[in-house]
Every structure is written in C-alpha cells, then in structure tokens.
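Structure, as structure tokens:
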Amino acid sequence: MSEVDPNAMDEVSEQEFDADKIKLLPGSSEDGTAATFQIIDEDHTLGNTLRYVIMKNPEVEFCGYSIPHPSENKMNIRIQTYGNISSVEALHQGLDNLSELCTVIETKFSEKILAGGYLAEEP
Amino acid sequence: MSNIVGIEYNRVTNTTSTDFPGHSSNEDHSWDIEKFKDNFEINISHLTERTANFDLINIDTSVANAFRRIMISEVPSVAAESVYIFNNTSVIQDEVLAHRIGLIPLKVDPDLLSWVDPAQDEKEKFTDENTIVLSLDIACTKNPHPPAGSTDPKDLYRNAHVYARDLKFEPQGRQVDLFKNNPVVPTDPDILIAKLRPGQEISLRAHCILGIGSDHAKFSPVSTASYRLMPDIKITEPITGELAKRFQKCFPSGVIGIENDTAFVKDARKDTVSREVLRHEEFNGKVKLGRIRDHFIFNVESTGAMPPEEIFFKSVRVLKNKADYLRNCPIGQ
C-alpha cells in the first residue's frame, strides 16, 4: 500500500499538463532575470516551501510569494536573480530541489519505519 | 547564528530562519541535497494504529508546515457525499441526518477508488470504481417484554438508537471481489446517528466518494495533525537547595531533576513552555527558555481509514507531485 508504484513516473510524463496552471505576470525585466509568476490553485503549502528552496539558490537575489486575495485561488511568486540564470531557470531548479528533498524525506521515513525501535502504543 | 528561538518574559527573539546564501559571510547556506541528507533526521517516538508521534530534525518550518497542511487538507479519503433519503419519520431532519452520515469516518483504502469526474453526466458519474454504497434501513418497535420497572429506552424499545454500525455496505459490481476480505465499515461503530421511537423509521442510501479536506472536513484523513518545536531549557547559574525544589515545580513533572541538591534539565521534551519560571524573581538570570527552530515534534491522529504513517507518506508524495507537475507545466503569458 505504501510502496511506490514504479509505473507512477511514466504516468506523469504521459499525462496532460494544464496550460493555465502557471503564467508570467506583467512587470518582468527584458533579460528575464526578474519575473513574477502566477500559479493557479496553489496556496501557502507550495508557496512558502518553494520560496524557501528558491531563496537557497545562491544565484537568486530575491524571492517572495503572496496570495493577493484570500478568496481567489491564485499564488504569485516573484523571483529576481543576480543575472547568471533567468528567473524561469531559478523556478525550475527550485522545483527540482523541492522534489529531491521530498524523495530524501520519504526514503528516510520508510527506513525508520522498517528499522523499528519505537513504541507500538501510546506512552 | 543560533537556531534557538528565545522565549522571554514578554517577548520572543530570533524567530526567523536565516539559513540563506548571502546572510553571513562565513557560512555557505546554498541548497545541497547531500548536506541535507546528512543532517536531516527522523525519530519515531510511537506509532499505533491511530496515532503517531515523530520528530523531524534539521528541516525548515516552510517544509514541515507544508506536510502538516497537506495531511489536514490534501490527502484524499472517502466519505459520504450524496445521501438519498427514501423515508425519514424520525425527529432529526433530512439535511441534518445527511450531514451526520457524511462526517462518519469509513474504513476504506482510498487507493481502491478512483476520482469522480464532476464534468460527467449525473447518470454516468457514479460507477463501481469510484463510489461505495451504504444503506441504512432501520425501524423502531416496542419491546413486547421489557424488564419490569425499567424506563431505559434501550429496554423499552428495539432500535431506539441508530449507530454508525447500522450502516450496511452494499458492494456494487467488481466491489464484491475487491472488498471481499475487508468490507467497508465505519471506523468507529459506536457513533450515534439518530434516536427513534416506536413507529419511526429511517431508510436511505449513501454514496461515498473520494475527496480532500480542503473541499469538506469530512474528507480529512486526520482528526489532528500538528507540530510543536522542541523546548530548550538552559540553566545558566546553579540552582540549589530549597530553590531547586521550587524551580522544579515551575515545570511539568519529569522536566527538571535534582541531583546532589542541584537542579538539572532531565527531559526538556516534556516541557509545555508555560514560562511559569519567568514569573518568579528568584530565578531571574538563572535560566534561559527557548525552542529549537528546526526540530519539529509531529503528532498525527488518524480517523482510522489509514494508518498515520501512511498519511504522512502520502503528504510527502502530494508535495512532490505538486513540484513535479508544476515543473512540467508550460509557462503562459
């Protein structure tokens, strides 16, 4: 049940991707080193984590997110880089880093579950 | 910089994370998966059928909070969505009854069901692949031979109380085989749904589908999913004698121990960080309270449909899927 389906990844590459999920907002620089993206149907869950991993990128000068209105399911994320990479690259690197971070957590947690050594009832 | 959030008499200090590149000249804070792999730690304290308590250490608040939020509102589970009432002569109104049935947690593995397509026609929307049917047919009658002198409705009548266990699973199509060994039942059979009196009856069908907690709380797989930061207590000056005993009383039992007449921190994890000790002038400058900013103590209580560790696993996968999906989405103008 909690095992990872090896075919799951293939399904991801075959599925259709929503063209309206993410768009570029007006106010980006011409060289693409500063841009604001608007992501639909996302909230603080992805917004704050993504902000954190993107800020961890040494090429990124600034990253911040906001939810302009609580009753609209939109999340804006602003990325400005020092100039060596574009803000789209910074966003993609951030998403890749977040993905591998999740993999590490999942592996560690299942290792710990298998290793045992915890109480099987509430103390 | 220190990773301890200071807790003082009337303020907190050092609250925000500063582990970003460019923040300090002598430390490198750029993202490094190998470094994260080495530092990140998980400790499981206990794991039961319904509850889990575990620590995530050396992880940022934003990530820990994402898991907490996902466990509450984005891990799918099964609950009654449509209730078709054929007869209800009880005193509880149809809509209230339907609401109560919706909130009953069901023991169904959500992986066995597929999502209902909301775009589909009402008639083709529900199939044996995405819907579980439960029925409730119950009528209250008089007990012809009640124990003498009893005034308890349970003795006087039959079916005076309708419980969650009275919901009967009606397997449809391929569900007969699929759920042969684990039929769908409420996780807690003793939930009271309604009370009846002789002559009253309820007859209904409930269609149960997959959903997520952000749509309705009935779809949340957890009763609670929360974290707190690991408390940190530092005794800066020795506290001895009678004072040590009073010091010990400022904390929950087991937090402070006394050895050789001197107070020491025995188990900071048990502390509730009530700050009681800061109210007493005699301990001024002798103790420092704090919380470790990147040490999260998670507590997850499942409603019973899934074991708590599976809910956490799924929350990690949901976050990963979000990132992977967005990575592949074309960026529009």
Exercise for the section: Considering Cα pairs under 8 angstrom that are at least six residues apart, work out the relative contact order of the stretch B:1-140 and quote it in whole percent. Expected result: 10
Fill in the blank from the handout: Here the FRET efficiency for B:Glu282 versus B:Ser2, based on Cβ atoms and R0 = 25 Å and rounded to 0.05, is 0.40
Completion exercise
Between the modelled labels at A:Phe62 and B:His99 (7 Å from Cα along Cα→Cβ) the distance in nm is 4.7
Practice task
Give me B:Asp294, A:Asp41, B:Asp190 ranked fewest to most by other Cβ atoms within 10 Å of their Cβ, as a rough exposure proxy.
Solution key: B:Asp190, A:Asp41, B:Asp294
Completion exercise
Of all GluC sites (Glu not before Pro) in the stretch B:1-76, the ones in DSSP coil with at most 16 other Cβ atoms within 10 Å are B:Glu8, B:Glu27, B:Glu49
Practice task
Take chain B, connect every pair of alpha-carbon atoms lying under 10 Å apart with a spring to form a Gaussian network, then pick out the residue of B:Arg174, B:Arg69, B:Arg100 with the largest mean-square fluctuation.
Solution key: B:Arg174
Exercise for the section: Run the numbers on chain B and let me know its relative contact order in percent, using alpha-carbon pairs under 8 Å that are six or more apart. Expected result: 27
Handout entry: For chain B, built as a Gaussian network whose Cα springs stay under 10 Å, the top-fluctuating residue of B:Asp188, B:Asp28, B:Asp128
Key = B:Asp28
Handout entry: ³J(HN,Hα), Karplus 6.51/-1.76/1.60, whole Hz, each residue of the stretch A:44-58, x for Gly, Pro
Key = 4, 4, 7, x, 6, 5, 5, 4, 4, 5, 5, 5, 6, 7, x
Exercise for the section: At 7 Å along the Cα-to-beta-carbon direction for both B:Glu122 and B:Ser274, put a label point, then send me their distance in nm to one decimal. Expected result: 5.8
Problem - the stretch B:49-121: chymotrypsin sites (Phe, Trp or Tyr not before Pro) in DSSP coil with no more than 13 other Cβ atoms inside 10 Å - result: B:Trp115
Completion exercise
Rounded to a whole number, the mean other protein chain Cβ count within 10 angstrom for residues of B:304-313 is 3
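From the helices alone, meaning DSSP H stretches of at least four residues, give me the mean residue ellipticity at 222 nm for chain B, per-run term -39500 (n - 2.57), in deg cm²/dmol to the nearest 500.
-6000 deg cm²/dmol
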Handout entry: Taking chain A and dividing mean pair separation by its residue count, relative contact order in percent (alpha carbons under 8 Å, at least six apart)
Key = 21
Handout entry: Theoretical FRET efficiency, 1/(1+(r/R0)^6), r = Cβ-Cβ of B:Lys142 and B:His216, R0 41 Å, to 0.05
Key = 0.60
Handout entry: Cut-off 14 Å (backbone N to label point 7 Å along Cα→Cβ of B:Val265), residues of the stretch B:280-297
Key = B:286-295
Exercise for the section: Over the whole of A:16-28, what's the average partner chain Cβ count within 10 Å per residue? Rounded to a whole number, please. Expected result: 3
Exercise for the section: Would you list the P(r) distribution for the stretch B:131-215, with all Cα-Cα distances sorted into 5 Å bins from 0 and each bin expressed as a whole %? Expected result: 3, 13, 17, 19, 15, 13, 9, 6, 3, 2, 0
Exercise for the section: Extending each Cα 7 Å along its Cβ direction at B:Leu112 and B:Arg11, get the distance between those two points in nm, one decimal. Expected result: 5.8
Exercise for the section: Tabulate in residue order the Karplus-calculated ³J(HN,Hα) for the stretch B:286-299, using 6.51 cos²θ - 1.76 cosθ + 1.60 with θ = phi - 60°, rounded to whole Hz; enter x for Gly and Pro. Expected result: 9, 9, 10, 9, x, 9, 7, 5, 10, 10, 9, 9, 8, 10
Fill in the blank from the handout: The Kirkwood hydrodynamic radius of the stretch B:186-306, taken as the inverse of the mean 1/r over all distinct Cα pairs, in Å, comes to 18.9
Problem - Gain in span if fully extended, B:Lys154 to B:Glu237, counting 0.36 nm per residue against the direct Cα distance - result: 23.4 nm
Completion exercise
Compactness check, the stretch B:19-152: C-alpha Rg relative to the 2.2 N^0.38 Å globular estimate gives 1.82
Fill in the blank from the handout: Most fluctuating of B:Val133, B:Val96, B:Val184 in the GNM of chain B (C-alpha, under 10 Å) is B:Val96
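Taken together, the values in this text are just the output of simple stated rules run on the coordinates, not laboratory data. This is a predicted model, so every value here is computed, not measured. Reconstructed Cβ throughout: ideal geometry from the backbone, glycine too, with neighbour counts over all protein chains shown.
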